[in-house]
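Beneath this line is the structure, given in structure tokens, with notes to follow.
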Amino acid sequence: MSPIARSIATAAAVLLIAISVLLLPQVVAAEYPMFHNDPQRTGNVSGYAPATGTLMWNTSLTGFVGGGACISNGRVYVSNWPGMDGNPNLGLFCLDESDGSVIWTNPLAGNGGVSTPAIECGRVFAGATYFSGDLYCIDASDGTTIWNLNVEPSSGYHGVASSPLIHNSMVYVVSSSDGRLHAFDFDGTEQWNYSASGSSDNYMSAATDGSKLFFGGGNAMNCVNIATQTEEWTFVVGDKVTTTPAVCDGVVYFATGKSEKKLYAVDIATGTIVWSRYLYGSLSSPAISGGRIYIGDKDKKINSINASDGSEVWNQTLGGVCQSSPVVANGMVYVTANYGQGTVYGFDADTGDLIWTYDTGNWNMAQPAVSDGTLFIGSDSGYLYAFRDPPIPKGDLNRDWTVTAADAAIALRMAVGAVPAIEEADMSCDGRVTSLDALMILQVAAGGTKL
């Protein structure tokens, strides 16, 4: 055996031992169809997400961008609402995901909106604000209004700030003044509604586990059976529920405001308490990932809490009150600060270490959204921002911007067909990934090359 062949064989043998414990992160084409991503409102997103605060684009929408975005088929849908600039252009915007260019705008009767829109089957559902109490259904292709209906009987500045929930071809939205949960079909016919015993927080939305709906109203968490449209239980608390609930593994999680300051975990089958702990609830709704709850508060903190017993895992102090609802993706948790600072934060979800920040230059209560490896977030600056990591150089297969033996091990897995091959692994530029490419990556790693 020649020296070169022996070198390749030795390197391959070493790499085969290592590859069994290495995982390949992959960019997964995905959508973000509603507030906190899914009907359970977990805020947990699969696939890649930015590990750096690299700004891909920002687009001025004017006014304030106070709600979150939904993303589908390469398009981003987000509303703005009245700001301090004369508000010349309020409404629901559809932008190109790749460059932020505006495709169309629906004015929502000139009122704009602050709820996170929801999308399904080519229809976007969004609430209108600023003394309008309408829920809109809009054609996602061209922005025309299909129907709009009044659901908020005492509309004030916030209008319909509740973010629509889509589940089994039904749209659920809460009118805050009367704490009423409305159920509409896609044609705009109200199928049923359920009224809590009092008003709800302006921004609070509903969540579901598939058979039950959960929403705050009347200083209580309400559980309604979807099939029978009747109350299953009501869990009374000492103050208004300030957050959209999140549901996971048979438990619903939510926080209350300044008179009580608690984070609750309640059994969804029985409506009995699992645990509670101190938390000064804000508009920040809980996200759930890997057995942990992530939630902001009015004490200017982002908190990581054990979902099973309510014990603290970590917390980090932000530059302002946290009104934004965190999103978890790619081992990161993303959130923003409001009142005194408009910074976007990316923390390590496991340790709480700060990974990156970006200052929008204005207050920020908006919700992050993650799709196709990109983080989208609005600000009171009037801009929608898109963050995405720079293109990954050849040889850096685990996306840490450094070529190491771990990348060579991934390339060898590609060479033997254990995982799909990608272009970045083709170091020899012959249109395929072989053990030679793995060796070339290993040689780069041995030289300590930084890309």
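The values are calculated or read from the model by the stated rules, or taken from the named source; none is laboratory data. Keep in mind that this is a model prediction, so the values were computed, not measured. Quick reminder, even Gly has a Cβ in these numbers, built from the backbone with ideal geometry, and neighbours come from all protein chains shown.
Rundown of residues vs (1) closer than 30 Å to Gly66 by Cα; (2) assigned by TED's automatic domain parsing to the domain that holds Asn73; (3) modelled with pLDDT of 90 or more, yes/no style:
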{"residue": "Asp372", "(1), (2), (3)": "yes, yes, yes"}
{"residue": "Gly378", "(1), (2), (3)": "yes, yes, yes"}
{"residue": "Val403", "(1), (2), (3)": "no, no, no"}
{"residue": "Ala411", "(1), (2), (3)": "no, no, no"}
{"residue": "Ala425", "(1), (2), (3)": "no, no, no"}
{"residue": "Arg432", "(1), (2), (3)": "no, no, yes"}
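Between a residue in the stretch 251-274 that is closer than 22 Å to Asn202 by Cα and any residue that is charged (D, E, K, R) and modelled with pLDDT of 95 or more, which pairs come within a Cβ distance under 6 Å, given they are 6 or more apart or on different chains?
Thr256/Lys262; Leu263/Arg277
Which condition from (1) in contact with a strand residue (DSSP E or B) (Cβ under 7 Å, 6 or more places away or on another chain); (2) free of Cβ contacts under 8 Å to residues at least 40 places away in the same chain; (3) of a type outside the set (A, V, I, L, M); (4) surrounded by fewer than 24 Cβ atoms within 10 Å (Cβ to Cβ) is the one that Tyr280 breaks?
Status for Tyr280: all satisfied but (1).
How about the stretch 114-156: which of its residues are among the aromatic types (Phe, Trp, Tyr) and out of contact with any Pro (no Cβ under 8 Å at 6 or more places or on another chain)?
We begin by selecting, within the stretch 114-156, every residue among the aromatic types (Phe, Trp, Tyr); these are 125, 130-131, 136, 147.
Once the filter is applied, which keeps residues that are among the aromatic types (Phe, Trp, Tyr) and out of contact with any Pro (no Cβ under 8 Å at 6 or more places or on another chain), the stretch 114-156 yields Phe131, Tyr136, Trp147.
In the stretch 340-356, is there at least one residue being in the same structural domain as Glu97 (by TED's automatic domain parsing), among the aromatic types (Phe, Trp, Tyr), modelled with pLDDT under 95 and more than 30 Å from Leu439 (Cβ to Cβ)?
Within the stretch 340-356 (the criterion being in the same structural domain as Glu97 (by TED's automatic domain parsing), among the aromatic types (Phe, Trp, Tyr), modelled with pLDDT under 95 and more than 30 Å from Leu439 (Cβ to Cβ)), the answer is no, since none of the residues qualifies.
Given the options Asp178, Asp187, name the one that is surrounded by 14 or more Cβ atoms within 10 Å (Cβ to Cβ), more than 27 Å from the chain's Cα centre (by Cα) and within 21 Å of Val160 (Cβ to Cβ).
Values: Asp187 fails: surrounded by 14 or more Cβ atoms within 10 Å (Cβ to Cβ).
Selected residue: Asp178, the only one of Asp178, Asp187 that is surrounded by 14 or more Cβ atoms within 10 Å (Cβ to Cβ), more than 27 Å from the chain's Cα centre (by Cα) and within 21 Å of Val160 (Cβ to Cβ).
If I go through the stretch 254-271 residue by residue, how many of them are part of a loop (DSSP other than H, G, I, E, B), closer than 18 Å to Ser284 by Cβ and small (Gly, Ala, Ser)?
Count: 2.
Of the residues Gly218, Gly238, only one is outside any strand (DSSP E or B), on the phi > 0 side of the Ramachandran plot and out of contact with any Leu (no Cβ under 8 Å at 6 or more places or on another chain); which?
Being outside any strand (DSSP E or B), on the phi > 0 side of the Ramachandran plot and out of contact with any Leu (no Cβ under 8 Å at 6 or more places or on another chain) holds for just one of Gly218, Gly238, which is Gly218.
Are any residues in the stretch 293-331 outside any loop (DSSP other than H, G, I, E, B) and surrounded by 21 or more Cβ atoms within 10 Å (Cβ to Cβ), and if so, which ones? Even if it seems obvious, please write down each step before you answer.
Taking the stretch 293-331 first, the residues outside any loop (DSSP other than H, G, I, E, B) are 293-296, 301-306, 312-317, 321, 327-329.
Matches in the stretch 293-331: Ile293, Tyr294, Ile295, Gly296, Ile302, Asn303, Ser304, Ile305, Val321, Val327, Val328, Ala329.
For Ala421, state whether it is in a loop (DSSP other than H, G, I, E, B) and either polar (S, T, N, Q) or not assigned by TED's automatic domain parsing to the domain that holds Ala51 (or both). Spell out how you get there, then give the answer.
Details: in a loop (DSSP other than H, G, I, E, B): yes; either polar (S, T, N, Q) or not assigned by TED's automatic domain parsing to the domain that holds Ala51 (or both): yes.
Yes; evaluated as a whole, the condition is true for this residue.
Just to be sure before I move on: is Glu120 modelled with pLDDT under 95, assigned by TED's automatic domain parsing to the domain that holds Ala207 and among the acidic types (Asp, Glu) in the structure I sent?
Details: modelled with pLDDT under 95: no; assigned by TED's automatic domain parsing to the domain that holds Ala207: yes; among the acidic types (Asp, Glu): yes.
Judged against the criteria, Glu120 is not a match.
When the stretch 342-357 is examined, which residues are found to be assigned to a strand (DSSP E or B) and either among the polar types (S, T, N, Q) or under 16 Å from Ser325 (Cβ atoms) (or both)?
Answer for the stretch 342-357, where residues must be assigned to a strand (DSSP E or B) and either among the polar types (S, T, N, Q) or under 16 Å from Ser325 (Cβ atoms) (or both): Thr343, Val344, Tyr345, Gly346, Phe347, Thr357.
What number of residues within the stretch 407-439 satisfy the criterion of being of a type in the set (Gly, Ala, Ser), in contact (Cβ under 8 Å) with a residue 40 or more places away in the chain and buried (at least 21 other Cβ atoms within 10 Å of the Cβ)? Full working, then the answer.
The first filter runs over the stretch 407-439 and keeps only residues of a type in the set (Gly, Ala, Ser), leaving 408-409, 411, 415, 417-418, 421, 425, 428, 431, 435, 438.
Next, from what is left, pick out any that are in contact (Cβ under 8 Å) with a residue 40 or more places away in the chain: 408-409, 418, 435, 438.
Filter once more, so that each one left must be buried (at least 21 other Cβ atoms within 10 Å of the Cβ): 408-409, 438.
Residues that pass the stated criteria total 3.
How about the stretch 56-66: which of its residues are in contact with a strand residue (DSSP E or B) (Cβ under 7 Å, 6 or more places away or on another chain) and not in a strand (DSSP E or B)? Give the derivation first.
Residues of the stretch 56-66 that are in contact with a strand residue (DSSP E or B) (Cβ under 7 Å, 6 or more places away or on another chain), as a first pass: 56-61, 63-66.
Within the stretch 56-66, Leu61, Gly63, Val65, Gly66 qualify.
Suppose we keep only residues that are touching a residue at least 60 places away in the same chain (Cβ under 8 Å) and under 20 Å from Ala366 (Cα atoms) within the stretch 162-175. Which one would you say is surrounded by the most Cβ atoms within 10 Å (Cβ to Cβ)? Steps first, please.
Filtering the stretch 162-175 for residues touching a residue at least 60 places away in the same chain (Cβ under 8 Å) gives 163-167.
Applying the additional criterion that residues be under 20 Å from Ala366 (Cα atoms) yields 163-165.
Numbers: Ser163: 31, Pro164: 29, Leu165: 28.
If we take residues in the stretch 162-175 being touching a residue at least 60 places away in the same chain (Cβ under 8 Å) and under 20 Å from Ala366 (Cα atoms), then Ser163 is surrounded by the most Cβ atoms within 10 Å (Cβ to Cβ).
Can you pull out the residues in the stretch 384-398 that are within 26 Å of Ser115 (Cα to Cα) and surrounded by fewer than 21 Cβ atoms within 10 Å (Cβ to Cβ)? Don't jump to the end; show me each part of the working.
Of all residues in the stretch 384-398, those within 26 Å of Ser115 (Cα to Cα) come to 384-388.
Within the stretch 384-398, Arg388 is the sole residue that qualifies.
What number goes with the only condition from (1) within 20 Å of the chain's Cα centre (by Cα); (2) over 21 Å from Ala118 (Cα atoms); (3) crowded, with 17+ Cβ neighbours inside 10 Å that Ala206 does not pass?
All conditions pass for Ala206, except number (2).
Quick grid of which residues meet (1) modelled with pLDDT of 95 or more; (2) within 15 Å of Thr242 (Cα to Cα):
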| residue | (1), (2) |
| --- | --- |
| Thr144 | yes, no |
| Asn150 | no, no |
| Ser154 | no, no |
| His167 | yes, no |
| Trp192 | yes, no |
| Ser199 | no, yes |
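Where in the stretch 67-154 are there strands (runs of 3 or more DSSP E), lying fully within it, with 1 or more residues that are buried (at least 21 other Cβ atoms within 10 Å of the Cβ)? Outline the logic, then answer.
Details: elements: 70-72, 75-79, 92-96, 102-106, 118-120, 123-127, 134-139, 145-150.
The qualifying strands (runs of 3 or more DSSP E) are 70-72, 75-79, 92-96, 102-106, 118-120, 123-127, 134-139.
Has the stretch 358-369 got at least one residue that is more than 24 Å from Gln341 (Cα to Cα), at pLDDT 90 or above, in the same structural domain as Ala49 (by TED's automatic domain parsing) and in a loop (DSSP other than H, G, I, E, B)? Steps first, please.
Going residue by residue through the stretch 358-369, those that are more than 24 Å from Gln341 (Cα to Cα) are none.
Scanning the stretch 358-369, I find no residue that is more than 24 Å from Gln341 (Cα to Cα), at pLDDT 90 or above, in the same structural domain as Ala49 (by TED's automatic domain parsing) and in a loop (DSSP other than H, G, I, E, B), so the answer is no.
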